[in-house]
Structure formats: C-alpha cells, structure tokens
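Encoded as structure tokens, the structure appears first; notes follow it.
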Amino acid sequence: MNWKRKDLLGLEELKKEEIEFVLDTADSFREISTRAIRKVPALRGRTIVLFFLEASTRTRVSFELAAKRLSADLVNISSSTSSMLKGETLKDTIRNITAMEVDLVIVRHGMAGAPHWLAREIEPGVVNAGDGCHEHPTQALLDMLTIREKKKKLEGLRVAIVGDISHSRVARSNIWGLTKVGASVVVAGPPTFIPPCIEKMGVTVKYRVEEALEGADVVMALRIQRERQGKNLIPSLREYRKIFGISRERLRLSKPDALVMHPGPINRGIELDPDVADGPQSVILDQVTSGVAVRMAVMYLLCGVGKEAISRQLSAVSKKQKAESL
Ligand code: CP
C-alpha cells in the first residue's frame, strides 16, 4: 500500500490495513537496532522536532533514538526550557519552530486534541505522542507489534486491559487498534475507572478482574493515574491492589502462556505485583524495544520518503516468505 497520511494522530482514524502496514514496516526496521552500527541514512537531511509538554521517559527517548538511527536531525523542546516559560503561546511557539523549516513534529500535550489542532495549524507532519486522556497511538502500535511477535497473530486473541480505563490514552488507542485487527478486548476496573458507554467501542466490561483474566492471551495492566484523577475515585491504593492488582495467583486464571504487559511507568505493588512484572510471562521490556522500531516506521512513513522503496522492500519480504513456505 502507499502511505498517504501526513500525520499520525490516533488509531481511531486508521484503517486495519494502515495499522498492519505500520507494523510490517516496523518489523522491517527491527534488525537495524541489533547491528553493531545502529544507523541507516533513511532520513538524512530531515529535521524532526520533539515537542514534549508533559513528562516522558520511554516515549521521548525512543522517538529520539529512532530518529538518530534513521540519521535525522533532531531538536528537543520542552515547556520548562522554552520561551513558553516567559508566556509565549503554544501557537506562537509552533509557528516560530516551523518557520525554521522542519519536516515532522512529535508532540505530547496534557490537553486532549492538542496534536489535532497543531496538525491543522502547521504544514509539517504531526505525531501524537500522547494527548491528555485521549490517545497514544505509537504506544498501542508497539503493544500490537509485541503481541504479534510473541503470539504470531493478533486476530482472535483475548486481551484483558485492567485498571484506570477512563484516564488512559493507552487503553483508548489499544481498544481502537486491537478491535480493528480482530482481537477481542475485555476491560476491567472499579466502576469509577470505566467510562460510560465504553461498550460502544466494541469491548466487553467486567467489574471483577477474575472474570476479565479468565482465558486471556494477554493481560495488560494500566497505571493508576493519580495526576489525572482530580479527586479520589478509589477508597485507597491498598484496596485497589487487593481487588484489582495482578498477582501471581490471579494471573493463573489466564492462559498459561499469557503475556503480561504494562505501558510503564509501573506502580509496583499496586497494579502489578513485582514478581509478575519481572516474571517469565512479562514482556514489558520487549514492549520498550518494539517502541524504537515502531517509531522508526512512523517517522519514516510520515516524512514521506522511500514510499516506493518500502513497498518494494515489503513485497520482497512477502515474496521471500511465500517462497519459504512452498
Ligand atoms: N508509556 C509511556 O508513554 O511512557 P512515558 O510516559 O515514560 O513516555
């Protein structure tokens, strides 16, 4: 397929084929990070801006590494080191940045919809690296890439997402993505953590975590986002852990080879027990590794280079796979 989008704002607007194309492209980039010299010239001469107005470790670092591995020029801007501290508006800030001729802006913002607004305002492409409680598309793509790598498929899997669904952009993007590729998604949490009418997104809701975990192929625990809740939505963290925390005992309800996932950062001993987070079923660090490949793929596709080259490359891979299966 030919990639036609200038922006990646969410998985809600992506078609199944587009999601699969990003995952296939990411698969073809994985190998670069295992080389002795982890660098290719694919984005040489392109300029990418990381515009993070909220804290981040994994997303910011993996976008930065991905850009560097593709040889792009990279600029980092944050609210604490820019003239936004002196009162400059977001609009003026971004207009000044784009006046310096950049190709792609990666933005994280506390307000839902900020990347969408930015994409309308500026000519360069925009990638949503997390907007409020709305979407975190590259996180869901890296989660899907990890699941697909470990389970060799996505369609037909049962994925249990447990925790603060209401405040989780990771949950929302994963629900859009996983349901489009044919996985069955069940969400679980206390009623105050489950948004009204979430069933309309094609998921099943359970208020007992045990019911959600039963027969699951993937168990995805979410962080309790105290910074977004504004008021106490649960009696206490101790009580949350007792009723919804993923312990070894609870994990036994899922399939024996179920994957344990978490987008990070983990509140150890709250949503996940440490022996589950670090246990044999955990793929949490594999998620982080997949993140670099996904972000390389996204930047490569959105920078609009090598569309034909990547199509040729993918068709060569698929021809090779077909030949090997004969
Ligand atoms: N998963 C994730 O978005 O982590 P960071 O907030 O550290 O980027």
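The values are calculated or read from the model by the stated rules, or taken from the named source; none is laboratory data. Model, not experiment: these values are computed from the prediction. Cβ sites come from the backbone with ideal geometry, for glycine too, and all protein chains shown count toward neighbours. These area figures cover heavy atoms from the full protein model, side chains too; ligands, DNA and RNA do not enter into them. Shrake-Rupley method; radii C 1.70, N 1.55, O 1.52, S 1.80 Å.
Of note:
- Potential extension, ALA55-THR98 segment - 0.36 nm per residue separation minus Cα distance: 13.2 nm
- Stokes-Einstein translational diffusion, segment 128-167 - Kirkwood Rh over all Cα pairs, 1.567 mPa s, 4 °C, in µm²/s: 111 µm²/s
- Fraction of antiparallel bridges per DSSP, segment 129-206 only, in percent to nearest 5: 10 percent
- Our summary gives the chain a relative contact order of 21 percent, counting only alpha carbon pairs under 8 angstrom and 6 or more residues apart.
- Global form of segment 134-247, assessed from the alpha-carbon gyration tensor, a/c cut-off 1.5: prolate
- Computed with a 1.4 Å probe over protein heavy atoms only, the accessible surface of the chain comes to 46 Å² per residue.
- What a 1.4 Å probe finds exposed on the chain is 51% carbon and sulfur by accessible area, rounded to a whole percent.
- In this Cβ point-charge picture (+1 for Lys and Arg, -1 for Asp and Glu), the chain has a dipole of about 380 debye about its Cα centre.
- Positive-pole candidate from VAL203, VAL107, VAL288, dipole of the chain, charges at beta carbon: VAL288
- Rounded Å value of the spacing that divides the Cα centres of segment 258-298 and segment 71-94: 30 Å
- Computed accessible area, TRP117, all protein chains, 1.4 angstrom probe, square angstrom: 70 Å²
- A cut-off of 5 Å between modelled amide H atoms, ignoring neighbours fewer than 5 places along the same chain, links LEU253 with no other residue.
- Greater than 29 Å apart at Cα, pairs in LYS180/LYS255; LYS39/LYS180; LYS16/LYS150; LYS15/LYS151; LYS4/LYS86: LYS39/LYS180; LYS4/LYS86
- Near ASN128: Cβ cut-off under 10 Å, other residues only, Lys/Arg at +1 and Asp/Glu at -1. The net charge is -1.
- Sequence-distant residues sharing a close amide H with CYS133 (under 5 Å, placed H): ALA112
- Here the contact order of segment 96-177, divided by its residue count and restricted to Cα pairs under 8 Å and six or more residues apart, works out to 27 percent.
- When the alpha carbon gyration tensor of segment 243-296 is reduced to an equivalent ellipsoid, its three semi-axes come out at 22, 13, 8 angstrom, largest first.
- For segment 136-220, GluC sites (Glu not before Pro) meeting the loop criterion (DSSP other than H, G, I, E, B) and having at most 13 other Cβ atoms within 10 Å: GLU155.
- For the chain, the residue among GLN139, HIS262, ALA36 whose Cα projects farthest onto the positive side of the dipole built from Cβ charges is ALA36.
- Between segment 198-215 and segment 1-56, the alpha-carbon centres lie 31 Å apart.
- Ranking ASP103, ASP278, ASP217 from most to least accessible surface, computed with a 1.4 Å probe over the protein chains only, gives ASP278, ASP103, ASP217.
- Low-density loop positions, chymotrypsin sites (Phe, Trp or Tyr not before Pro), segment 194-261 - DSSP coil, at most 16 other Cβ in 10 Å: TYR207
- Value in Å of the Kirkwood radius, where the chain supplies the Cα pairs that are averaged: 20.4 Å
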